[in-house]
1. From the backbone phi of the range 5-14, what are the Karplus-calculated ³J(HN,Hα) couplings (6.51 cos²θ - 1.76 cosθ + 1.60, θ = phi - 60°) in whole Hz, Gly and Pro given as x?
2. Could you tell me the convex hull volume per residue, in Å³, taken over the Cα atoms of the chain?
3. Under 22 Å Cα to Cα from residue 83, which lysines show up? Leave out anything in the same chain fewer than 8 places away.
4. Which of the trypsin sites (Lys or Arg not before Pro) found in the range 56-117 are in a DSSP loop and have at most 15 neighbouring Cβ atoms, other than their own, within 10 Å?
5. How big is D, in µm² s⁻¹, for the range 67-157 by Stokes-Einstein at 20 °C and 1.002 mPa s if Rh is the Kirkwood radius over C-alpha pairs?
6. Using the structure shown, select from 56/143; 3/125; 87/143 the pairs with a Cα to Cα distance greater than 26 angstrom.
7. What accessible surface, in Å², does a 1.4 Å probe find on residue 79, ignoring ligands, DNA and RNA and rounding to the nearest 10?
8. Counting only protein heavy atoms, what percent of the accessible surface of the range 2-47 is carbon or sulfur at a 1.4 Å probe?
Amino acid sequence: MIKFFLMNLLLSFIWVALTGSLFYSNFIFGYLLGFGVLWIMNRNESDQRYFYRVPKIINFFFFFLYELIKANVQVAYDVITPKYFFKPGIVRYPVNTTTDFEINILATFISLTPGTLIIDISDDKKAIYIHVMYLKDKDQFIKTLKTGVERKLLEILR
């Protein structure tokens, strides 16, 4: 998988050098073009993980960007208006992760969203304690995290 990633980066840099246009958009286009070339060249290989993970990573990036903007707007609206809408609470969130790396990445992405903060991880590593600034329904919050961030992250990592 690392081999395909490095080859894809090399193809991107070759594209940028050939076009002579050193812009992010040109590099991204070269990356996508190189991804397509590598995918066509390696369709019959047994290791196809790279070609399934890259679209999932791009999907997760846009999903997390949307969630980040939504949370920032919610916090900013609460700060600007004279009435406070927050309802803080602490949630015990059961995780489906198996390794320390997965727990760490999940906790990091949960903490990056405004309005949430990781307080602690249980000793058996089966639950994360999260302080939530806008907790209307605990079960809905857990379901949203399970079907959103955790599911998409575990699809990428496993």
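The values are calculated or read from the model by the stated rules, or taken from the named source; none is laboratory data. As the structure is a computational prediction, the values presented were derived from the model and not from experiment. Methodologically, a virtual Cβ is constructed for each residue, glycine included, from the backbone with ideal geometry; neighbour enumeration extends over all protein chains shown. Quick note on the areas: whole protein, heavy atoms, side chains included, nothing else; ligands and nucleic acids left out. Shrake-Rupley method; radii C 1.70, N 1.55, O 1.52, S 1.80 Å.
1. In residue order, the calculated couplings are 5, 5, 5, 5, 4, 4, 4, 5, 5, 5 Hz.
2. So the per-residue Cα hull volume is 131 Å³.
3. The qualifying lysines are 70, 136.
4. In loop regions of the range 56-117 (DSSP not H, G, I, E or B), the sparsely surrounded trypsin sites (Lys or Arg not before Pro) are 83.
5. Result for D is 156 µm²/s.
6. Among 56/143; 3/125; 87/143, the Cα-Cα distance tops 26 Å for 3/125.
7. Rounded to the nearest 10, the figure is 110 Å².
8. Solvent-exposed carbon and sulfur of the range 2-47 make up 75 percent of the total.
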